[in-house]
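Worksheet for the structure shown next.
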Amino acid sequence: MMADLLPEHPDFLWRNPEPKSSYDAVIVGGGGHGLATAYFLAKNHGMTNIAVLEKGWLAGGNMARNTTIIRSNYLWDESAAIYEHALKLWEILPEELEYDFLFSQRGVMNLAHTLGDVRESMRRVGANKLNGVDAEWLDPQQVKELCPILNISDNIRYPVMGATYQPRAGIAKHDHVAWAFARKCDELGVDIIQNCEVTGFIKDGNRVTGVKTNQGTINTEKVGLCAAGHSSVLAEMAGFRLPIQSHPLQALVSELHEPVHPTVVMSNHVHVYVSQAHKGELVMGAGVDSYNGYGQRGSFHVIEHQMAAAVELFPIFARAHVLRTWGGIVDTTLDASPIVGTTPVDNMFVNCGWGTGGFKGTPAAGLTFAHTIATGTPHHLNKPFALERFETGALIDEHGAAAVAH
Amino acid sequence: MLLISCPNCGSRDETEFHYGGQAHVAYPENPNELNDREWAEFLFYRDNTKGAFAERWLHSTGCRQWFNMLRDTVTYEIQAVYPMGTPRPDKAAPAPAASESGTASTAPDSTTTGSAGPSIAATSIATSTAPPSTTAPEGATK
Ligand SMILES: Cc1cc2nc3c(=O)[nH]c(=O)nc-3n(C[C@H](O)[C@H](O)[C@H](O)COP(=O)(O)OP(=O)(O)OC[C@H]3O[C@@H](n4cnc5c(N)ncnc54)[C@H](O)[C@@H]3O)c2cc1C
Ligand SMILES: [Zn+2]
């Protein structure tokens, strides 16, 4: 399972065309979500005269920066439905995209460290089971059996009192996922245009009719925003607001090690999440900076805090070296759930607010967002995640099951 | 890590402070008259500026006072620290005399000139010697 060879890939996975003067739809943002949306627009809705515009290089945003954890053990029905649909897609996508991106279903444990955690976790296991999501409650001994390097002694500050476990969860190689989607998009005729920053929108009354970019103006009938950390910047250009705050989120890796960590371990309470990459690095996620930021770097004390928790839970990590740290800009909402659907501007649609956990949602975000763009109406899976919920009060408060304290 | 200059205590590490989000968001004057859309705006919608952003901070492990700060969300440069209840230094209505010369009054509630660097710095220095603000007219009782 670990130390697998990375998949071979041909030199060129997609063309680099010049932008055409007009498209049936333009997707802003060439991260995983933008690419998945374009793929499903072409595959499920026959829309192939479309472009994905990316201001930097393909999938160089959060797609290249995340810790690649995929799971669907969310608490509320609406979230369980969309994330579980995503997980089912992850299970078939390598074959469908004809590209092995090393989706490894090695399971995810979410540790409980307090009585409150234990109760909340057991409740979530129950909710997951009712929603057809695989979930188990593990006692500390079972936790130890699955991940022997975990310290389950009770003389640490926050002892492990148990864990939820989702066996079908796991990790995938994120950049290979992006390349797999990009390759298929290209085959289906989608133009992927890099170094193309959207700088404004052209409107006819309240209807968007084009985008302004650093490579010129492009007319289009529909615009889908998939710009993660920058969604509110784009919304502002289009003349509306989003209830989004952008925060730096950090991660780090160690140097390569022998396989020591066979699963994925997350702790909301002491705030760390760890897996071992296919090559052997320990991959760890930290918390968000409390303040708004677009700097793609984070505060050192956040890393320090997370390392302290990691070393207490995994004493052998004390001798590992940090190879590098980096940050991404995540777009958070107050209910820790994404926003997918229509906007106050006609023919403009938004997919954002996936915050610290949107990688796992990539296939379902793409599939449902493509449906919304193609038909102008919500897909039953993204309907609850409409922008209107902040007005109606039908929030989907996933702070608990988002499983990280941000 | 940010080095934040508390108006009362001086420069301290970011870890001593608590972030309070966007500054200058006033509690609705007539809450009974707000419709759902307006309530949503007040409760859930905040600016998410890329660039100079006015925000509130609490010196939670120091003087426990709230203050406002103008910070660039891209470079993280702190451009001004100023008391609760005073106008945002780079957005206040321009004072006719000052707008030409770029020099600002040193009163904490003074109006300064656009985004000129020197006037923001002047405000920042001025406010660091101002008495601590005990009133929180923007509802900063988090
Ligand atoms: C450190 C870290 C760890 C994470 N760990 C996990 C995890 O373990 N599991 C999980 O599920 N999620 C995780 N996430 C969250 C996940 O990465 C995001 O939710 C998800 O990637 C967002 O969708 P995306 O892939 O399309 O975003 P991005 O890859 O950020 O795509 C948005 C793209 O839009 C582009 N763009 C922005 N503005 C413009 C413009 N004006 N014109 C053109 N293009 C523009 C950007 O350059 C960017 O490439 C993590 C995130 C970070 C930062
Ligand atoms: Zn102080």
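The values are calculated or read from the model by the stated rules, or taken from the named source; none is laboratory data. This is a predicted model, so every value here is computed, not measured. Heads up, the Cβs are rebuilt from the backbone with ideal geometry, glycines too, and the neighbour counts pull from every protein chain shown. Side chains included, ligands, DNA and RNA excluded: accessible areas come from the protein's heavy atoms. Shrake-Rupley method; radii C 1.70, N 1.55, O 1.52, S 1.80 Å.
Determine which lysines satisfy two conditions relative to A:Lys222: a Cα distance under 29 Å, and not lying fewer than 8 residues away in the same chain.
Of all the lysines, those that pass the test against A:Lys222 - Cα under 29 Å, at least 8 places apart if same chain - are A:Lys20, A:Lys43, A:Lys55, A:Lys88, A:Lys184, A:Lys203, A:Lys212, A:Lys360, A:Lys383, B:Lys50.
Summarise the partner chain shielding of B:72-83 as one whole number: the mean count of Cβ atoms from other chains within 10 Å of each residue's Cβ.
Numbers: counts 3, 9, 4, 3, 8, 0, 0, 0, 0, 0, 0, 0.
So the per-residue partner count for this stretch is 2.
With label points built 7 Å along Cα→Cβ from the Cα atoms of A:Arg297 and A:Arg324, find their separation and express it in nm.
1.4 nm
Could you work out the longest stretch of chain A that avoids the GluC sites (Glu not before Pro) located in DSSP loops with at most 11 other Cβ atoms within 10 Å?
On the way: sites that count: A:Glu8, A:Glu98.
The longest uninterrupted stretch comes out as A:99-406.
What whole-number distance in Å separates the alpha-carbon centres of segment A:197-259 and segment A:346-406?
Distance between centres, Cα-based: 15 Å.
Is it possible to state the helix-based mean residue ellipticity at 222 nm for the protein assembly as shown, with each DSSP H run of 4+ residues giving -39500 (n - 2.57), the sum divided by total residues, to the nearest 500 deg cm²/dmol? What is it? Let's see the in-between values first.
Details: 12 runs with 138 residues, N = 548.
Taken over the protein assembly as shown, the calculation gives -7500 deg cm²/dmol.
Among A:Leu138, A:Ala42, A:Val270, flag the residue with its Cα farthest along the positive direction of the charge dipole of chain A, charges on Cβ as +1 for Lys/Arg and -1 for Asp/Glu.
Farthest towards the positive end: A:Val270.
So what's the gap between the Cα centers of segment B:39-57 and segment A:287-320, to the nearest angstrom?
Spelled out, the Cα-based centre of one part sits 26 Å from the other.
If you stretched the chain out fully between A:Met122 and A:Phe12, how much longer would it get, using 0.36 nm times the residue separation minus the C-alpha to C-alpha distance? Write out the running numbers ahead of the final one.
Numbers: separation 110, 0.36 × 110 = 39.60 nm, distance 4.78 nm.
Full extension of this stretch gives 34.8 nm more.
So which trypsin sites (Lys or Arg not before Pro) in segment B:22-65 are both in a DSSP loop and have at most 15 other Cβ atoms within 10 Å of their Cβ? Before the final figure, lay out the partial values.
On the way: sites: B:Arg37, B:Arg46, B:Lys50, B:Arg56, B:Arg64; in loops: B:Arg46, B:Lys50, B:Arg64.
Sites meeting the loop and neighbour criteria: B:Arg64.
Just the number, please: buried accessible area between B and A, total of both chains, 1.4 angstrom probe, nearest 100 square angstrom.
Working: alone 8250 and 16440 Å², together 22400 Å².
Between B and A, the summed buried area is about 2300 Å².
Find, among the trypsin sites (Lys or Arg not before Pro) in segment A:20-104, those assigned to loop by DSSP (not H, G, I, E, B) with at most 10 other beta-carbon atoms within 10 angstrom.
Numbers: sites: A:Lys20, A:Lys43, A:Lys55, A:Arg65, A:Arg71, A:Lys88; in loops: A:Lys20, A:Lys55, A:Arg65, A:Arg71.
Loop-located and lightly packed - none at all.
What size of dipole, in debye to the nearest 20, comes out for the protein assembly as shown about its Cα centre when the only charges are +1 on Lys and Arg C-beta atoms and -1 on Asp and Glu C-beta atoms? Provide the component values of the computation, followed by the final result.
Numbers: 40 positive and 58 negative charges, 53 e Å.
In debye, rounded to 20, the protein assembly as shown gives about 260.
What angle do you read, to the nearest 10 degrees and between 0 and 90, between the alpha-carbon axis of helix A:362-375 and the longest principal axis of chain A?
Once rounded, the angle reads 30 degrees.
Between A:Glu98 and A:Gln215, what is the spin-label point distance in nm, taking each point 7 Å from the Cα along the Cα→C-beta axis?
2.5 nm
Once both labels are modelled 7 Å past Cα along the beta-carbon direction, what's the A:Ser21-B:Glu29 spacing in nm?
5.1 nm
Suppose every Lys and Arg Cβ carries +1 and every Asp and Glu Cβ carries -1, with no other charges. What dipole size does segment B:1-71 come out with about its Cα centre, to the nearest 20 debye?
300 debye
Within 10 Å of each Cβ of A:301-310, how many other protein chain Cβ atoms are there on average? Walk me through the intermediate numbers first.
Details: counts 5, 3, 0, 2, 1, 0, 0, 0, 0, 0.
Other-chain Cβ atoms within 10 Å of each residue's Cβ, averaged: 1.
Under the rule of at least 5 residues apart or a separate chain, name every residue whose amide H is placed under 5 Å from the amide H of A:Thr199.
Counting only residues 5 or more places away or on other chains, the set is A:Lys212, A:Thr213, A:Asn214.
Which one of A:Gly200, A:Gly56, A:Val340 is farthest out on the positive end of the charge dipole of chain A, using unit charges on Cβ (Lys, Arg +1; Asp, Glu -1) and the Cα centre as origin?
Farthest towards the positive end: A:Gly200.
Run the dipole for segment A:249-350 about the Cα centre, Lys and Arg Cβ at +1, Asp and Glu Cβ at -1, nothing else charged, and hand back the magnitude in debye, nearest 20.
Working: 4 positive and 9 negative charges, 52 e Å.
Dipole size: approximately 240 debye.
With a cap of 16 neighbouring Cβ atoms within 10 Å, and only residues DSSP puts in a loop, list the chymotrypsin sites (Phe, Trp or Tyr not before Pro) found in segment A:235-326.
A:Phe240
Between A:Val311 and A:Glu91, what length in nm is gained on full extension when 0.36 nm per residue of separation is reduced by their alpha carbon distance?
On the way: separation 220, 0.36 × 220 = 79.20 nm, distance 3.28 nm.
Taking 0.36 nm per residue and subtracting the Cα distance, the gain is 75.9 nm.
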